[in-house]
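Everything below concerns the one structure shown next.
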Amino acid sequence: MRTPLIAGNWKMYKTIGEATALVRDLLAGLGPLADREAIVCPPFTALAAVAPLVAGSQLGLGAQNLYPEAQGAFTGEVSPVMLADVGCRYVIVGHSERRQYFGESDAFVNRKLRTALAHGLRPIVCVGESKPQRDAGQAEPIVTAQVRAALVEVTPEQMADVVIAYEPIWAIGTGDTATPADAQAMHAAIRATLADLYGAEIAATVRIQYGGSVKPDNIDELMAQPDIDGALVGGASLQAASFLRIINYQ
């Protein structure tokens with residue numbers, strides 16, 4: 001059984017005060033999570049303030065990015081050691097915004113993923129196609145190639161700690177969402193790729209999230225799909241009421 005993972009990616013939103021207020025509201029409204037997992041990924045500046053609030057709670061902590069070295073002269077970057085030290089268990093790598101705005105290549109995303117694993121962090125690796133790529137019928141080969149590139153030199157044993165997030169780029173922050181059937185088809189293609197790389201048994205255990213304009217009114221239908229194992233939530237994770245509804249999908 002795969003335990004669904006609902007993750008809130010706050011992106012470049014929330015001051016320390018706003019972040020702690022949101023976490024307190026989430027904790028106040030969060031019931032028992034027997035069959036699912038929920039985490040928040042605040043900006044770096046808020047991690048240390050949020051960490052003690054979620055410690056020992058049912059809400060986990062993740063970061064939005066890392067640099068693939070333990071330490072060094074990399075001005076402005078944050079290392080996996082620092083993230084683990086502050087209490088992070090998860091880290092997002094290869095988000096389409098990192099690829100688009102900061103030029104992150106498949107090879108660099110792979111370095112980040114392997115570095116996260118080496119330091120006890122669970123990477124949530126993002127893959128997804130653009131609108132022109134989908135319109136050209138290239139969505140599946142583009143996405144499965146990203147999956148293969150992200151997992152270079154990742155061992156079968158390490159796959160227990162890897163989460164894949166399928167985020168069609170055209171659906172991020174646009175209000176457009178892949179239909180549940182389209183999302184399921186891509187998730188199935190990703191799982192088939194994992195089976196090709198690691199065998200069907202391991203592929204069946206890897207969690208594959210959907211991301212891209214996930215909202216309270218579409219989460220139930222998305223989560224009903226057999227290969228969708230959670231959600232990477234952007235804007236709807238910035239308000240307690242909407243994120244709680246998503247965490248408590250039916």
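The values are calculated or read from the model by the stated rules, or taken from the named source; none is laboratory data. Predicted model only: the values in this text are computed from it and were never measured. Virtual Cβ from ideal backbone geometry, glycine too; neighbours counted across all protein chains shown.
Report yes if Val214 is under 30 Å from Thr20 (Cβ atoms) and either β-branched (Val, Ile, Thr) or crowded, with 21+ Cβ neighbours inside 10 Å (or both), otherwise no.
Values: under 30 Å from Thr20 (Cβ atoms): yes; either β-branched (Val, Ile, Thr) or crowded, with 21+ Cβ neighbours inside 10 Å (or both): yes.
Criteria met by Val214.
Identify, by number, the condition in (1) closer than 19 Å to Leu117 by Cβ; (2) not in a helix (DSSP H, G or I) that Met82 doesn't meet.
Result: Met82 fails condition (2) only.
Every residue, every condition in (1) among the aliphatic types (A, V, I, L, M); (2) farther than 23 Å from Val23 by Cβ, yes or no:
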| residue | (1), (2) |
| --- | --- |
| Thr45 | no, no |
| Gln58 | no, no |
| Ala70 | yes, yes |
| Ala73 | yes, yes |
| Glu77 | no, yes |
| Leu83 | yes, no |
| Gly103 | no, yes |
| Val109 | yes, yes |
| Pro123 | no, no |
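Report whether or not Ala149 is free of Cβ contacts under 8 Å to residues at least 12 places away in the same chain and either surrounded by 14 or more Cβ atoms within 10 Å (Cβ to Cβ) or in a strand (DSSP E or B) (or both). Spell out the reasoning first.
Working: free of Cβ contacts under 8 Å to residues at least 12 places away in the same chain: no; either surrounded by 14 or more Cβ atoms within 10 Å (Cβ to Cβ) or in a strand (DSSP E or B) (or both): yes.
It is false that Ala149 is free of Cβ contacts under 8 Å to residues at least 12 places away in the same chain and either surrounded by 14 or more Cβ atoms within 10 Å (Cβ to Cβ) or in a strand (DSSP E or B) (or both).
Within the range 211-220, is even one residue within 23 Å of Ala34 (Cβ to Cβ), within 17 Å of the chain's Cα centre (by Cα) and either outside any helix (DSSP H, G or I) or not aromatic (Phe, Trp, Tyr) (or both)? Walk me through how you get there before you give the answer.
Of the residues in the range 211-220, the ones within 23 Å of Ala34 (Cβ to Cβ) are 214, 216, 219-220.
Next, only the ones that are within 17 Å of the chain's Cα centre (by Cα) stay: 214, 219.
Remaining after also requiring either outside any helix (DSSP H, G or I) or not aromatic (Phe, Trp, Tyr) (or both): 214, 219.
Taking every residue of the range 211-220 in turn, at least one turns out to be within 23 Å of Ala34 (Cβ to Cβ), within 17 Å of the chain's Cα centre (by Cα) and either outside any helix (DSSP H, G or I) or not aromatic (Phe, Trp, Tyr) (or both).
Test Thr155 against the criterion of being over 23 Å from Ala38 (Cα atoms), modelled with pLDDT of 95 or more, surrounded by 16 or more Cβ atoms within 10 Å (Cβ to Cβ) and of a type outside the set (A, V, I, L, M), and give yes or no. Can you show your working first?
Values: over 23 Å from Ala38 (Cα atoms): yes; modelled with pLDDT of 95 or more: yes; surrounded by 16 or more Cβ atoms within 10 Å (Cβ to Cβ): no; of a type outside the set (A, V, I, L, M): yes.
So Thr155 fails the test.
Of the residues Arg2, Arg89, which is among the basic types (Lys, Arg) and over 14 Å from the mean Cα position of the chain (by Cα)?
Arg2
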